[in-house]
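Notes to accompany the following structure.
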Number of protein chains: 2
Amino acid sequence: MNDSHAGTIREQDLGSPRGALAGIVVLDLGQVYAGPYCTHLLRSLGATVIKIEPFGGEPIRWRSSGATSGQAFLMLNAGKKGVRLDLKKPQGRDLFLELVRRADVVVENFAPGVMDRLGIGWDVLHAVRPTLVLASGRAYGDHPAAEGMRGMDVTVQAMSGVVTTTGFADQAPVKAGPAVVDFAAGSHLTSAVLAALFQRERTGEGQHVEVAMQDAIVPTLTSNIAGLLEAGGDFPERTGNRHGGLAVCPYNIYPVIDGWLAILCLRPKHWTDLCGLMGRDDLADDPALATPAGRVLKMDDIDDAVSAWTRGLDKAEAFRLLQAADVPAAPVRSLNEVIHDPVLRDRGMLTEIGEGERACTVLGSPLQMGDSPAPAAPAPLLGEDTEEVLRTFLEMSPEDIGRLREESVI
Amino acid sequence: MNDSHAGTIREQDLGSPRGALAGIVVLDLGQVYAGPYCTHLLRSLGATVIKIEPFGGEPIRWRSSGATSGQAFLMLNAGKKGVRLDLKKPQGRDLFLELVRRADVVVENFAPGVMDRLGIGWDVLHAVRPTLVLASGRAYGDHPAAEGMRGMDVTVQAMSGVVTTTGFADQAPVKAGPAVVDFAAGSHLTSAVLAALFQRERTGEGQHVEVAMQDAIVPTLTSNIAGLLEAGGDFPERTGNRHGGLAVCPYNIYPVIDGWLAILCLRPKHWTDLCGLMGRDDLADDPALATPAGRVLKMDDIDDAVSAWTRGLDKAEAFRLLQAADVPAAPVRSLNEVIHDPVLRDRGMLTEIGEGERACTVLGSPLQMGDSPAPAAPAPLLGEDTEEVLRTFLEMSPEDIGRLREESVI
């Protein structure tokens, strides 16, 4: 804990685990995925995260049945403190600013303009708390041409080139199945918050950081963009399961008896070892196929040769042979296989916690820190910790809290 | 800059820009995407990044033509210092450890076991430099069941559930077009490094942090996993362009005269406003369609109704109408449209720099920091800065540098 940030709540007050961010208090106005994933990662690093929701709860809290919080909400909000607060009421805004005076970070991913309309934009927050880091997730970012443009995972996938580059060349474009854009924004927003906290150690000043979903996903198109630029603009938009820049071969998902298997040959040895496995030393010896560029020119023939070999094997046997030969490969697993994977389970990425009505699966953190453990914890009910936070954090009396409740501010 | 880390090179020595990580020195052993993207983000925050490559250069340096560094390499290694060093020679290892004694962070994403075989595993580095943060990118992470398992983007997409959830239900599975797994690992590794640097401010100690590619991509499957868990295991693996958890409708990519357009209705008002645009108040008034769950039950009918409307419009007109009504929507853009997008260009995500043979496009950073600018810069030639780094960083004499060169250590 940094004693120079006077007024910061002490981590033991709210019982957060020790960790890299012990003592750091985050106010979470996040919705759906990008904002809540950012604060999920911050919580996993030991920050105290106070999730502030409107009276109806945030958009994905009730997504599933309406009766209990949905599984997606429970996965992403584990271990946060739950506060219900109506920011549209003047008293609600005042209460929020009181919390800001004791916080280190505010995370929000509202549509453009919402923070200002609520009277809690950067200028206001910075004046109230000069050491505050405000982290804003946006679809396209603060730019005149993007003014008022809201976006969510699938629309940003469409705008940013993910959809046009996914799928088979002769079929309709298709989005990436997972919400890759939302989560890319969330993980980058986490980096921006952490960099600003580190910088604050030197400068003593907070800052406003912003991540646009579109910016966060464009780097993933590096292979595709490089292919397009190197080809001078004449390049296939979609390459199916082949390399996005058509710069590597073999690189595909091949049929096996009981499903599919991905194989790629990045280094020369991968290619010659694969040829050895296939009993095709003639291919390994062919000088025209000795370089990636040479193999890309013959990729139809090479993929046919690899498929002819994989078709005679089942998934497990093909994977075993390729692993033993140190050729990069992997079976296409079903989602049911994935969620029961012992590696993911042992690493804490998916954990079942709670009992009865509150039994659920929670998400872990990909940030495996040598000195900062990330214990699993349940997500809060809507407003579950409102009183505790107002009492311990703002030192409010039961009478004041009761009055706020009567007036439907909390 | 933190004076307590004695021996750390001062940022002005190597001319890095001022920024959140000014004064922080990163040794980059990264290859291809995950490691180099992490150090790209750290460089954009003002760190001095020294990229250490073997004599042949890292795997993607020559990917394209073989004559000049490929565009993918140039995009991801902008602004780094280039050092050529043979880590397999004892003198090369010694030189690396001398650099480690003056560094804050080492980033590597070798296959499991390589760092130990090179004699530069965590125990060695930590003993040499107790304040060092070692950041390791892996495919599946340090786990007995994953021992020796190497992985790259497409194989981890296959293993982790990205492939099985991407594409149309009645067609072969297809990978996400962009390298979403590599970059998810890179952005999370950045967060882990930054959290460890922040923690070091309090503890004075470094630590070993690790991110597995599989762990980094599994959170993006939150909708899909929630859908599967809530359905008790009986759930479609692939939902095409529909919501991965089938929890939102309308949510699809619809045909327009000249292409495709994504639309989703997250909030009730989005749905009623869309109905208004379509001239279908009968749908808006239908109580069976008033909730997301109700609409999901009729999603074929609803998608037909939306398609019937979009088919009569071109991309620009449909987008204009939906934007004006504040319904989340976006055209499916081609990659050529994306790379010339003025918003991305103005935000510095893609910038053309250099002249003649060194003209290229470099990638910016999604981390928009209020107080930490990220100027564009060219990537180094292989070993371009070897002498400068040894001279300024290790204070080596021209004679010693000459000897290392003769012995092919550098």
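From the list A:V180, A:V174, which one is more than 17 Å from B:V32 (Cα to Cα), among the hydrophobic types (A, V, I, L, M, F, W, C) and in contact with a helix residue (DSSP H, G or I) (Cβ under 7 Å, 6 or more places away or on another chain)?
A:V180
Test B:A184 against the criterion of being in a helix (DSSP H, G or I) and buried (at least 24 other Cβ atoms within 10 Å of the Cβ), and give yes or no.
Numbers: in a helix (DSSP H, G or I): yes; buried (at least 24 other Cβ atoms within 10 Å of the Cβ): yes.
Taking the combined requirement at face value, the residue satisfies it.
Tally the residues that are more than 7 Å from chain A (Cβ to nearest Cβ) and surrounded by fewer than 24 Cβ atoms within 10 Å (Cβ to Cβ), restricting the search to the range B:251-266.
7
So which helices (runs of 4 or more DSSP H) stay within the range B:61-130 end to end and still have 3 or more residues that are touching a helix residue (DSSP H, G or I) at 6+ places or on another chain (Cβ under 8 Å)?
B:71-76, B:90-100, B:122-128
Give A:L74, A:L42, A:L14 a once-over and let me know the one that is at pLDDT 95 or above and either of a type in the set (A, V, I, L, M, F, W, C) or crowded, with 22+ Cβ neighbours inside 10 Å (or both).
A:L42
Condition check: at the interface with chain B (Cβ under 8 Å from one of its Cβ atoms), part of a loop (DSSP other than H, G, I, E, B) and over 24 Å from B:H40 (Cα atoms). Does A:G233 satisfy that? It would help to see each step written out before you state the result.
Working: at the interface with chain B (Cβ under 8 Å from one of its Cβ atoms): yes; part of a loop (DSSP other than H, G, I, E, B): yes; over 24 Å from B:H40 (Cα atoms): yes.
Yes.
Could you check B:I60 against (1) more than 14 Å from chain A (Cβ to nearest Cβ); (2) at pLDDT below 95 and say which number it fails?
The single condition B:I60 does not satisfy is (1).
Restricting attention to the range B:131-148, which residues are part of a loop (DSSP other than H, G, I, E, B), in contact (Cβ under 8 Å) with a residue 60 or more places away in the chain, closer than 23 Å to B:P59 by Cβ and not aromatic (F, W, Y)?
Those that are part of a loop (DSSP other than H, G, I, E, B), in contact (Cβ under 8 Å) with a residue 60 or more places away in the chain, closer than 23 Å to B:P59 by Cβ and not aromatic (F, W, Y): B:A139, B:G141, B:D142.
Sort through A:E210, A:E205 and tell me the only one that's surrounded by fewer than 24 Cβ atoms within 10 Å (Cβ to Cβ) and not in a loop (DSSP other than H, G, I, E, B).
A:E210
Suppose we keep only residues that are touching a residue at least 12 places away in the same chain (Cβ under 8 Å) and either in contact with a Pro (Cβ under 8 Å, 6 or more places away or on another chain) or under 30 Å from A:G30 (Cβ atoms) (or both) within the range A:167-181. Which one would you say is surrounded by the fewest Cβ atoms within 10 Å (Cβ to Cβ)?
Out of the qualifying residues, it is A:A169.
Among B:P331, B:P287, B:P366, B:P342, which is closer than 25 Å to A:I217 by Cβ and exposed (fewer than 15 other Cβ atoms within 10 Å of the Cβ)?
It is B:P342.
For the range B:149-163, give me each residue that is in contact (Cβ under 8 Å) with a residue 40 or more places away in the chain and at negative phi.
In the first step, residues of the range B:149-163 are kept if they are in contact (Cβ under 8 Å) with a residue 40 or more places away in the chain; the result is B:151-153, B:156-157, B:159-162.
Correct list: B:G151, B:M152, B:D153, B:V156, B:Q157, B:M159, B:S160, B:V162.
Only residues in the range A:314-333 that are assigned by TED's automatic domain parsing to the domain that holds A:I263 count as the first member; pair them with residues that are at pLDDT 95 or above and of a type in the set (D, E), Cβ under 6 angstrom, at least 6 apart or cross-chain, and list the lot.
Close Cβ pairs satisfying both conditions: A:D314/A:D258; A:K315/A:D258; A:A325/A:D273; A:V327/A:D273.
Using the structure shown, decide if A:V163 is among the aliphatic types (A, V, I, L, M) and within 9 Å of chain B (Cβ to nearest Cβ).
yes
For (1) modelled with pLDDT under 95; (2) of a type in the set (A, V, I, L, M), each residue gets a yes or a no:
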{"position": "B:P90", "(1), (2)": "no, no"}
{"position": "B:F96", "(1), (2)": "no, no"}
{"position": "B:V100", "(1), (2)": "no, yes"}
{"position": "B:V107", "(1), (2)": "no, yes"}
{"position": "B:L118", "(1), (2)": "no, yes"}
{"position": "B:H126", "(1), (2)": "no, no"}
{"position": "B:A146", "(1), (2)": "yes, yes"}
{"position": "B:A158", "(1), (2)": "no, yes"}
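The values are calculated or read from the model by the stated rules, or taken from the named source; none is laboratory data. The shown structure was predicted, so the numbers you read here are calculated from the model rather than taken from an experiment. A quick note on method: Cβ atoms are made from the backbone with ideal geometry, for glycine too, and the neighbour counts reach across all protein chains shown.
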